[in-house]
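Quick notes on the structure that follows.
The values are calculated or read from the model by the stated rules, or taken from the named source; none is laboratory data. Predicted model only: the values in this text are computed from it and were never measured. For neighbour counting, all protein chains shown are included, and Cβ atoms are generated from backbone atoms with ideal geometry for every residue, glycine included. Please note that ligands, DNA and RNA were not included when accessible areas were found on the heavy atoms of the full protein model with its side chains. Shrake-Rupley method; radii C 1.70, N 1.55, O 1.52, S 1.80 Å.
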Amino acid sequence: MKPFSPDRVIFEPRSLDYPLGRKIQDYFEGTSTEIIKVPIKKISSIIPGSTEGQRYASGKKTLVVTVKKSLKFDVCKPSADFEFSLVAGCPASCEYCYLYTTQSSKPYLRTYVNLDEIFDSIKKHIFRSGDRLTTFEVASAGDLLAIEHITGSLARTIEFFGTLDKARLRVVTKFNNVDSLLGLKHNGRTRFRVSINSRYVIENFEHNTASLDERIEAASKLAAAGYPIGFIVAPIMIYDRWKEDYLELFEKLRSRLDAVKSTETVTFELIQHRFTPAAKKVILERFPNTRLDMDESKRTLKWGKFGRYKYIYPRKDAVEIREYLTSLIGEKFPDARIEYFT
Ligand code: SF4
């Protein structure tokens, strides 16, 4: 797919004190992208849009270059011990996106330039874990592959983790922008998980992402470059012919990966579709004609942190999803490891 190019890039002035901030400024000099410098509190007011749709579209075409202030990382179960961010937001428009309720009506992308401070904090978190291996998820707040051609932040982070004996990095993506990462000294310490789904889910709900073929090709390249790889199948949905579609997905994945010889175990993470009342409201405003099934009467409640709840499939359906996908993976990838189903 074509690399992302924002309509405007906004620099928080302090970001230009950092080499990465200046590198990003150089990247955009002389291009058609508008360059703006304003304090962080004025950013929202200069992104255009008078309707919900316009504000959403303008936000998705805006890149903000800033400094990460909080360097205390949250726990990130079940996928890792901690999560940290190099980027927040994403230029794609998945109708079910789990980030919508954490963003404003102008969901601009943010990239952080104080990488050395973030790396120092990673070292402190590892130190506090003692002798055990500590895992870090870097893609919980956005898809950093989408702007890696602009920042190069992930490449630096992969090489940083390549020097750490007691830590592992975990990346997730729906983009295929991996060529700049293939020759890095990663030392097998970064696991890439490519987000995949049935043709129906990708075509109906995952707008402006790489196609399934592009994602599988990216996974093959990463495996050939020696990275441990995995796949996140999410969100898994039940609809007419869902079983045929997920069978087709795993058949395609198997045939495309046949030529790839990976010394590492391929992993799978399985996540069923869920939504919160707040997310449903935002989704219906942004995608009034969505075909997403958010019928509460067909779901069951799951309580989360701070008394919040979400709607997930009832136990009978969830068991059917888990057993069906587990059997497909067992048949097509007998040596793979399923890390969790949630
Ligand atoms: Fe959200 Fe991920 Fe889709 Fe981006 S790729 S819109 S972060 S679900």
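Carbon and sulfur atoms: what percent of the 1.4 Å accessible area of the chain do they account for?
Details: 8110 of 15920 Å².
Result for the chain: 51 percent of the exposed heavy-atom area is carbon or sulfur.
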For this session: At a Cα cut-off below 22 Å, give the lysines reachable from residue 37, other chains included and same-chain residues fewer than 8 away excluded.
Result: 23, 60, 61, 68, 69, 106
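Under the rule of -39500 (n - 2.57) per DSSP H run of 4 or more residues, summed and divided by the residues of the chain, what mean residue ellipticity at 222 nm is obtained, to the nearest 500 deg cm²/dmol?
Numbers: 11 runs with 115 residues, N = 342.
Estimated from H runs of four or more residues: -10000 deg cm²/dmol.
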Problem set entry | Summed side-chain charge close to residue 285 - residues other than residue 285 whose Cβ falls under 14 Å, Lys, Arg +1, Asp, Glu -1 | +3
Exercise. So what are the radius of gyration and Dmax for the Cα set of the stretch 288-342, in Å?
Worked result: 14.8, 43
Problem set entry | Backbone N within the stretch 202-242 under 20 Å of label point (7 Å from residue 255 Cα along the Cβ vector) | 202-203, 211-221, 242
Problem set entry | Sorted peptide list for 1-9, 232-240, 35-43, 189-197, criterion being average Cβ within 10 angstrom, highest first | 189-197, 232-240, 1-9, 35-43
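Using per-residue counts of other Cβ atoms within 10 Å, averaged over each peptide, order 268-274, 159-165 from highest down. Before the final figure, lay out the partial values.
Numbers: 268-274: 20.1, 159-165: 15.4.
Taking the mean over residues of other Cβ atoms within 10 Å, the ranking is 268-274, 159-165.
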Problem set entry | Cβ crowding within 10 Å averaged over residues, with 278-285, 151-158, 68-75 ranked highest first | 151-158, 278-285, 68-75
Seminar exercise, completed: The whole-number value in µm²/s of the Stokes-Einstein translational diffusion coefficient for the stretch 128-203, with Rh from the Kirkwood sum over alpha carbon pairs at 37 °C and 0.692 mPa s, is 243 µm²/s
Exercise. When Lys and Arg each count +1 and Asp and Glu each count -1, what net charge do the other residues less than 11 Å away from residue 230, Cβ to Cβ, add up to?
Worked result: +1
For this session: Could you do me a favour and compute the accessible area per residue for the chain, 1.4 Å probe, result in Å²?
Result: 47 Å²
Exercise. In sequence order, what are the phi-derived ³J(HN,Hα) couplings for the stretch 315-321 according to the Karplus relation 6.51 cos²θ - 1.76 cosθ + 1.60 with θ = phi - 60°, rounded to whole Hz, with x for glycine and proline?
Worked result: 3, 4, 5, 4, 5, 5, 4
For this session: Starting from the Cα of residue 35, step 7 Å along the direction of its Cβ; do the same at residue 207; then give the gap between the two resulting points in nm.
Result: 3.1 nm
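Which whole-number percentage describes the relative contact order of the stretch 1-136, with Cα contacts under 8 Å and a sequence gap of 6 or more?
Numbers: 184 pairs, mean separation 38.5, N = 136.
Over the stretch 1-136, the number comes to 28 percent.
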Problem set entry | In order through the stretch 284-299: 3J(HN,Hα) via Karplus (6.51 cos²θ - 1.76 cosθ + 1.60), integer Hz, x for Gly, Pro | 5, 5, 7, 10, x, 9, 4, 9, 4, 7, 10, 7, 4, 5, 9, 10
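When only C-alpha pairs under 8 Å and at least 6 residues apart count, what is the relative contact order of the stretch 8-341, in percent? Could you put the intermediate results ahead of the total?
Working: 580 pairs, mean separation 46.0, N = 334.
So the answer I get is 14 percent.
Starting from 0.36 nm per residue, how many nanometres of slack lie between residue 117 and residue 327 once their C-alpha separation is accounted for? Intermediate values should be presented prior to the final figure.
On the way: separation 210, 0.36 × 210 = 75.60 nm, distance 4.43 nm.
Stretched out fully, the residue 117 to residue 327 stretch lengthens by 71.2 nm.
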Exercise. Leaving out same-chain residues fewer than 8 places away, which aspartates and glutamates sit with a Cα under 17 Å from that of residue 124?
Worked result: 74, 81, 83, 116, 137, 165
Seminar exercise, completed: Binned at 5 Å from zero, the C-alpha pair distances of the stretch 162-240 give percents of 3, 15, 25, 21, 15, 10, 6, 3, 1, 0
For this session: Between beta-carbons, use under 12 Å as the cut-off and find the net charge around residue 171, counting Lys and Arg +1, Asp and Glu -1.
Result: +2
Exercise. Whole-Hz Karplus ³J(HN,Hα) for the stretch 70-80, in order, using 6.51 cos²θ - 1.76 cosθ + 1.60 and θ = phi - 60°, x for Gly and Pro?
Worked result: 7, 10, 9, 8, 7, 5, 9, 8, x, 8, 7
Problem set entry | Among 44, 32, 211, residue whose mean-square fluctuation peaks in a GNM of the chain (springs only between Cα atoms under 10 Å) | 32
Problem set entry | Globularity ratio of the chain, using Cα Rg and 2.2 N^0.38 Å | 0.99
Seminar exercise, completed: For residue 16, placing the label point 7 angstrom along Cα-to-beta-carbon and taking the stretch 45-62, residues whose amide nitrogen sits under 20 Å are 45-47, 62
Exercise. If you count the DSSP beta bridges with both ends in the stretch 8-341, what percent of them are antiparallel, to the nearest 5?
Worked result: 25 percent
